[in-house]
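No value in this document is a laboratory result; all are computed from the given coordinates. Please read these numbers as outputs of a predicted model, since none were measured by experiment. FYI the Cβ positions are ideal-geometry reconstructions off the backbone, even for glycines, and counts take in every protein chain you see.
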Amino acid sequence: MFAVIQFPGSNDDRDMRFAMKSVLGVAAELVWHKNPELPPGTAGVLLPGGFSYGDYLRCGAMARFSPVMTAVRRFAEAGGPVLGTCNGFQVLCEAGLLPGALLRNRDLDFLCDWIHVRVEHAGAPFLSRARAGQVLRLPIKHGEGRYAIAADALAGLEAGGQVLLRYCTPAGAVDETANPNGSIGNIAGVRNAAGNVMGLMPHPEHAVEALTGGTDGLALLGSLVDAVTAAGRSR
């Protein structure tokens, strides 16, 4: 079973549950942020997009203190897979479960568009259905999606294969013209050193049906389902 965390202001929680439950056919349950524990049998944790706590103070800065985040941290430290999208990515960075921070977009505007990302490193648990170099078309909608990290820490990410997705052109070229928000190194998604926690700004849950724009999001969410199934976690 997948736990989809709900914070006050989450607005992609039901979309994420729909993608997991109705499209991919796995159990998915909404979990309110005040719950001190994850539901029994939780196989993976999903932190959805939205505007947790109205983005007051800083995106994700207040959500990191929600009671459920203690349980999410324990789950991640035990090796459980955790995926944060958009605001979920921001929460994971604020909580210290992922390196770096998400800042205001380069042009200080809110972006809502379809973009392309290049898969830098494929494999379980998040990109086993993809291949290195593959270009995915996914939607974005954020005002604070500019990934930032110190130069020495960035070198460590690169050396450790922790950069999983980069903004690119439809042909796969990584250049400034394809960088929607000014993220350092065109970074759209990263993982932790252990490999079981990932955050990305694009929304895979909004790209799971051809009728609504495309199915490239299944490369991520489907990979996560495959990973927990293979590990015997899925219920």
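Normalized C-alpha radius of gyration of segment 13-129, against 2.2 N^0.38 Å?
In units of the 2.2 N^0.38 Å rule of thumb, it is 1.11.
Estimate the FRET efficiency between Leu57 and Ala151 by the formula 1/(1 + (r/R0)^6), using the beta-carbon distance for r and 25 Å for R0, to the nearest 0.05. According to the calculation, E is roughly 0.40.
Loop-located trypsin sites (Lys or Arg not before Pro) across segment 85-182 with a Cβ neighbour count of 11 or fewer within 10 Å are Arg131, with loop assigned by DSSP. Computed from the C-beta positions of Ala210 and Ala171, the FRET efficiency with R₀ = 22 Å rounds to 0.50. Between Ser183 and Tyr147, the built amide H atoms are under 5 Å apart, and every one of these is 5 or more places off in sequence or on another chain. Charge tally around His203: other residues with Cβ under 10 Å, Lys/Arg +1 each, Asp/Glu -1 each, net -2. Segment 92-120 and segment 155-213 have Cα centres lying 9 Å from one another.
What is the sum of charges around Val119, taking Lys and Arg as +1, Asp and Glu as -1, for the other residues whose C-beta is under 11 Å from the C-beta of Val119?
Values: positive: Arg118, Arg129, Arg131, Arg166; negative: Glu120, Asp216.
Residues close to Val119 contribute a combined charge of +2.
Please return the longest stretch of the chain lacking exposed loop sites, where chymotrypsin sites (Phe, Trp or Tyr not before Pro) count only if DSSP places them in a loop and at most 14 other Cβ atoms lie within 10 Å.
Longest run free of exposed loop sites: 111-235.
Calculated on C-alpha atoms, the gyration radius of segment 157-232 divided by its Kirkwood radius gives an Rg/Rh of 1.00.
How high is the FRET efficiency between Ala27 and Phe110 when r is their beta carbon distance and R₀ equals 30 Å, given to the nearest 0.05?
0.35
Taking the charge dipole of the chain about its Cα centre, with +1 at Lys and Arg Cβ atoms and -1 at Asp and Glu Cβ atoms, the residue from Ile187, Ala150, Thr215 reaching farthest to the positive side is Thr215. Dividing the alpha-carbon radius of gyration of segment 2-230 by the rule-of-thumb value 2.2 N^0.38 Å gives 0.91.
Helical content of the chain, expressed as a calculated mean residue ellipticity at 222 nm, amounts to -5500 deg cm²/dmol (DSSP H runs of 4 or more residues, -39,500 (n - 2.57) each, divided by residue number, nearest 500).
Counting only Cβ charges, +1 for Lys and Arg and -1 for Asp and Glu, the dipole size of the chain around its Cα centre is about 460 debye. The alpha carbon gyration tensor of segment 100-203 gives principal lengths a ≥ b ≥ c with a/c of 1.5 or higher and a/b no greater than b/c, which makes the shape oblate. Extending 7 Å from Cα along the Cβ direction at Arg74 and again at Gln134 yields two label points whose distance is 3.5 nm.
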